[in-house]
Amino acid sequence: MIGTATVITAALAATAASARWNWWRPRVRGLPVLMYHKIGDYPPGSKLKKLWVTAGDFRRQMEWLKKNGFTTLTFTQLKNAEEGTSLMPAKPALVTFDDGYADNHELAFPVLAELGMKGNIFLVWDTVGRHNAWHDPASEPWLRMLTWRQIDEMRVSGVIEFGSHTVTHPNLARLSLEDAGWELRESKKRLEDKLGLPMVGFAYPYGAGAYDPAVRALAREAGYRYDFSIRQGISPLPWDPASGPLKRLLIRGDDFMLDFRLNMTRGRARL
Ligand SMILES: [Zn+2]
């Protein structure tokens, strides 16, 4: 016989879990877009630990997507499927990485290649082959960024597509519209000339300007098919650009697999 104390304990545990995790929310259909930054172990003294996902966690998350029937796409594959020149998979998803850290090549690319999956990396033109100079090293040491050689290796493999994350990683909402427009157009043009590929996707640095109508209008005018915010959630598919930028799912270093599952199915893991 189950004791009253056990029942109360279980009820309290369920209440606590409900207050923290969103398992009780209805399932959300649409396009889950995973947002990663740095893959690997965070450096000593990092104040940005949550933006680091270990290589082991990343692999487990990719294996979960595969096991659960998700098809990861490049931006161009998504565009082709939306335009009807290829079939839309039953459960599409995008794996995206912001900034273009060298660890994406060293730790994420081999996992995606091995599992037959696709990823998309948003590059900052000025910092390719250098370090994340926009970043204040007081919160974390500067990191190595992808080199053109690494980018080319990933491009040729077909596993990774690239998008723009501006020329200098500014806060677009704080720039003049003239300067913001330059960042949006110039990064697209330079990356397209260098890589010989269209820049289909754009991610707003810090998410800034994504919901500012004037800034967003500039991003649309620059000719990106998909613009990505950092707002948490799953956007409906087919996606109407007039409804706002695509939402994403921030994958945090301290997430459990439960968080990952809830992000993918509910659009949100914790309250
Ligand atoms: Zn960024």
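Derivation of every value follows stated rules applied to the coordinates shown; laboratory data play no part. Values in this document were obtained by computation on a predicted structure and should not be read as measured data. A quick note on method: Cβ atoms are made from the backbone with ideal geometry, for glycine too, and the neighbour counts reach across all protein chains shown.
Put a dot 7 Å past the Cα of Lys50, heading toward its Cβ, do the same for Val156, and the two dots end up 4.0 nm apart.
Note on the chain: dipole from Cβ charges, positive end direction compared against Leu143, Thr166, Pro241; the farthest Cα belongs to Pro241. In terms of other Cβ atoms within 10 Å, Met62, Met145 run from fewest to most in the order Met62, Met145. Over 23 Å apart at the Cα level, from the set Lys50/Lys194; Lys79/Lys118; Lys67/Lys118; Lys50/Lys188, are Lys50/Lys194; Lys50/Lys188. Using 0.36 nm per residue and subtracting the Cα-Cα separation, the extra length available between Arg231 and Trp148 on full extension is 26.9 nm. A Förster radius of 35 Å combined with the Cβ-Cβ distance from Thr85 to Arg60 puts the calculated FRET efficiency at roughly 0.55. In a reduced charge model with +1 at each Lys and Arg Cβ and -1 at each Asp and Glu Cβ, the range 4-266 shows a dipole moment near 840 debye about its Cα centre.
Here the range 21-84 yields Rg over Rh of 1.06, to two decimals, using C-alpha coordinates and the Kirkwood radius. Among Ser229, Gly69, Ala203, whose Cα sits farthest toward the positive end of the charge dipole of the chain (+1 at Cβ of Lys/Arg, -1 at Cβ of Asp/Glu, about the Cα centre)? Working it through, the farthest residue towards the positive pole turns out to be Gly69. Between Leu48, Leu146, Leu249, the residue with the greatest mean-square fluctuation in the GNM of the chain (Cα pairs under 10 Å linked by springs) is Leu48.
In a fully extended conformation the segment linking Leu177 and Trp134 would gain 13.5 nm over its present Cα-Cα distance, using 0.36 nm per residue. If the segment from Asp212 to Arg270 were pulled out straight at 0.36 nm per residue, it would be longer than the present Cα-Cα gap by 18.2 nm. Pairs of Cα atoms nearer than 8 Å and 6+ residues apart set the relative contact order; for the range 4-266 it is 22 percent. Normalised by residue count, the chain yields a Cα convex hull volume of 153 Å³ per residue. Taking the number of Cβ atoms within 10 Å of each Cβ as an exposure proxy, the fewest-first ranking of Phe75, Phe97 is Phe75, Phe97.
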